[in-house]
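Read the structure below first, then the notes.
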Amino acid sequence: MVDIIDREGDSVALMREYEANGWCYLIRAKSNHKVYLPDEDREVKQGDLAKELTLGSYLKTIKYKVDKKMQKVKIFVNEIEVNYKKRCHQIST
């Protein structure tokens, strides 16, 4: 099972808890946000990374509305290790 964390709901504390427990998660984020690929030592926009990855393994076929018509759509799953960097704002006291 993989939990999907909405980009507005993510927090460092939550992600650290998931990491500590070995739980898998996915952060839904905008395609222009960058992730760091530790195996390749580079940063890349998530949208560009999605274009680089293969479809992966076939998971299942679902019915989905495409152009106002219900169609069968194949779902594929792939994975890659990334580090997510989030900007922090410093508050002066």
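Just so it is clear, none of the values below were taken in a lab; they were calculated from the coordinates. Bear in mind the structure is a predicted one, so any value in this text is a computation, not a measurement. Every residue, glycine among them, receives a Cβ derived from its backbone with ideal geometry; neighbour counts consider all protein chains shown.
Side notes on the structure shown:
- Shown is the FRET efficiency for residue 76 and residue 18, computed with R0 = 22 Å from the Cβ-Cβ distance and rounded to the nearest 0.05: 0.40.
- Hz values of 3J(HN,Hα) by residue in the range 45-60 - Karplus curve (6.51, -1.76, 1.60), Gly and Pro given as x: 5, 4, x, 5, 5, 4, 6, 7, 6, 7, 4, x, 8, 5, 9, 6
- HN-Hα J in Hz across the range 69-74 - Karplus 6.51, -1.76, 1.60, θ = phi - 60°, x for Gly and Pro: 10, 6, 9, 7, 10, 7
- Taking 54, 61 and counting other C-beta atoms within 10 Å, the order from fewest to most: 54, 61
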